[in-house]
Amino acid sequence: MSFLNLGGPGLFQGCPGVTVTIPLPLPDVVPKPTVRVTVTQDDDQQCNATLECSVGLPEVTYEWIPPRQVLLEGVGGPVQKVSFNPSEGTYVCKVSNPASSNSASLTYRHPCSWTGESSTASSCTATGGLLVLGHLLLLFLHLALA
């Protein structure tokens, strides 16, 4: 077997005296996001703020989960602008890639005060590990039949 490409380069070599090299790049586990708030308007009637979320990894998906039904502008990126009348609630930034996801939250309290609380738990998927295991099984089956 020579080259195999499924979600990234993989080199599998088999011959008498079998040597197997498996450099399969898997995405990094998503670390705990850093969340930040910039208040742009603060009065008794209105609180406008920009919520920012970052993890420092390329190729991740950002999702902001608001409390109740709050109007979100530009959903789906690392920066989220919010505007609402005084209410309280927690905004969660969820960051995902094929390997894992992680989240951090910001809680709003009237009048326009924010507290941040980051999650230390991550949700990992077994997809990457199953792909490697499947490729190894196919390789050994191929070598056994050769």
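One line per residue, one yes/no per condition, for (1) of a type outside the set (Val, Ile, Thr); (2) modelled with pLDDT of 80 or more:
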position	(1), (2)
Ser2	yes, no
Gly10	yes, no
Val20	no, no
Val30	no, yes
Gln41	yes, yes
Cys53	yes, yes
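Within the range 58-72, the set of residues being surrounded by 15 or more Cβ atoms within 10 Å (Cβ to Cβ) and at pLDDT 90 or above comprises Val60, Tyr62, Glu63, Trp64.
The values are calculated or read from the model by the stated rules, or taken from the named source; none is laboratory data. Note that the structure is predicted; figures quoted are calculated from it, not measured. As a convention, Cβ positions derive from the backbone with ideal geometry for all residues, glycine included, and neighbour counts pool all protein chains shown.
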